[in-house]
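**Q** Below: one structure in structure tokens.
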Amino acid sequence: MNIKKVVFPVAGLGSRFLPATKAIPKEMLPIIDKPLIQYAVEEAIDAGFDELIFITGDTKRAITEHFDFKPDLNISNLTQDKKNFLSEMHRIIPDHISCKYIIQKEPLGLGHAILQAKEAVGGDPFAVVLADDLIDAKQGALKQMLDHYKDEDSSIVSVQKIQKSESVNYGIIECNKGSESLVKITNIVEKPTPENAPSNFGVVGRYIFCNKIFSLLEKISVGVGNEIQLTDAIKLLLETNPIFGYEFNGTRYDCGTKLGFIKANISYAFKNTEYAKELSGFIKNLS
Ligand code: G1P
């Protein structure tokens, strides 16, 4: 199946992380030494995607510069070690992968951001990754989703069980019982109150869409938060096409919140044996 294109909406204002995000997108914030967007890109490349489409803000160019970085290896006083290090940095994106950067002139919402990719995607199905949802998994979440993907007319949205009290932070699905990890979605609501949440399955930022989603994104008007909401287009798509909810294996960190971002940093630091021992003593002392 021809799913080679993946869209990364990275044009949000990042208002929860101000002032850190005044000049850089929140997706450039690092977990240890790697920006969130790089984890997302690596997950997509591992899953076999080879056309990366970034929807960036008008003023924040750091993502373009991060991936287009080409070190000057001819500087005369570079030691071989430094040369090796710089060429390693250069290899963030292998040569067979193409990158496109599209500017979203106004931050009108996630749905509007994805619509900016319409021309670049053309007529194919495609994936969307929200880099502030960091997923730590043995096999990447996108790859897991591709393994469950059925055909060009269907779509898959990744979901996880959440506390109902948290429903105001998520798109929440209503679904028929399916297999253990795959359910058929029958309805979806953006950020409902806990009383109005149709289930405890919250949408996490990994999607595979049939191409029809673009024409629906063009149709919808502003929704929750005065933004063009992806969820509203998904709801329309449900009227004609099957959409599945996939409960991925892995741990998701909501790095769109400060607490989630801190937890991700701690957890990734503990994966590194160099830091783990000292860190555990340090945290014990703190608490
Ligand atoms: C967006 C979507 C929401 C989804 C969430 C996952 O919300 O609108 O449906 O559940 O991402 O992270 P945001 O977090 O951008 O407010």
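Coordinate-derived values only; no laboratory data. Predicted, not measured: the structure shown is a model, and the values here were computed from it. Virtual Cβ from ideal backbone geometry, glycine too; neighbours counted across all protein chains shown.
**Q** Which residue, Asn272, Asn176, Asn200, tops the fluctuation ranking in a GNM of the chain built on C-alpha contacts under 10 Å?
**A** Comparing Asn272, Asn176, Asn200 in a Gaussian network model of the chain, the most mobile one is Asn272.
**Q** Output needed for region 196-265: three equivalent-ellipsoid semi-axes, defined as square roots of 5 times the C-alpha gyration tensor eigenvalues, in descending order, whole Å.
**A** Square roots of five times the eigenvalues give 26, 16, 12 Å.
**Q** Follow-up. Can you give the direction-averaged projected area of the convex hull of the alpha-carbon atoms in region 1-156, in nm²? Could you put the intermediate results ahead of the total?
**A** Numbers: hull surface 43.7 nm².
Here the figure is 10.9 nm², rounded to one decimal.
**Q** Taking every DSSP beta bridge that has both residues in the chain, what percent is antiparallel when rounded to the nearest 5?
**A** Looking only at bridges with both residues in the chain, the antiparallel portion is about 55 percent.
**Q** Now for a different question. Could you pull out every residue, at least 5 positions away or on a different chain, whose amide H is within less than 5 Å of the one on Ile103? Hs are placed 1.01 Å off N in the peptide plane, and Pro or chain starts have none.
**A** Result for Ile103 returns Thr56.
**Q** Same structure, new question: Can you work out ³J(HN,Hα) from phi for every residue in region 206-218, in order, using Karplus 6.51 cos²θ - 1.76 cosθ + 1.60 and θ = phi - 60°, giving whole Hz and x for Gly and Pro?
**A** 9, 9, 10, 10, 6, 4, 4, 4, 5, 5, 7, 5, 6
**Q** Okay, next question. Taking a virtual spin label 7 Å from the Cα of Glu88 along the C-beta vector, which residues in region 245-287 bring their backbone nitrogen under 17 Å of it?
**A** Flagged as within label range: 272-275.
**Q** Right, something else. Please express the Cα-Cα pair-distance distribution P(r) of the chain as a list of whole percents, one per 10 Å bin, running from 0 to the bin with the greatest distance.
**A** Cα pair-distance distribution for the chain, in percent: 6, 26, 36, 21, 8, 2, 0.
**Q** Looking at region 124-188, which GluC sites (Glu not before Pro) are in a loop (DSSP not H, G, I, E or B) and have at most 15 other Cβ atoms within 10 Å?
**A** Values: sites: Glu152, Glu166, Glu174, Glu180; in loops: Glu152, Glu180.
Those that pass, being in a loop and sparsely packed, are Glu180.
**Q** Please list, in order along region 269-280, the HN-Hα scalar couplings obtained from phi with the Karplus expression 6.51 cos²θ - 1.76 cosθ + 1.60 (θ = phi - 60°), rounded to whole Hz, x for Gly and Pro.
**A** 5, 5, 6, 8, 4, 4, 9, 4, 5, 4, 5, 5
**Q** A further question on this structure: Picking from Thr273, Phe261, Phe248, whose Cα lies most toward the positive end of the charge dipole for region 148-287 (charges on Cβ: Lys, Arg +1; Asp, Glu -1)?
**A** Thr273
**Q** Could I ask something else about it? Which of the pairs Lys70/Lys100; Lys138/Lys284; Lys212/Lys235 have their Cα atoms more than 19 Å apart in this structure?
**A** Lys138/Lys284
**Q** Around Leu134, which amide H atoms from residues at least 5 apart in sequence, or from another chain, sit under 5 Å from its own amide H, with H modelled in the peptide plane?
**A** Tyr253, Cys255
**Q** Find which of Asn196, Cys99, Val128 sits farthest along the positive direction of the dipole of the chain, computed with +1 on the beta-carbon of Lys and Arg, -1 on that of Asp and Glu, about the Cα centre.
**A** Asn196
**Q** Where does the longest stretch of the chain lie that holds no trypsin sites (Lys or Arg not before Pro) found in a DSSP loop with 13 or fewer other Cβ atoms within 10 Å? Could the numbers behind the result be given before it?
**A** Values: sites that count: Lys22, Arg91, Lys105, Lys138, Lys150, Lys177.
Longest stretch, sites excluded: 178-287.
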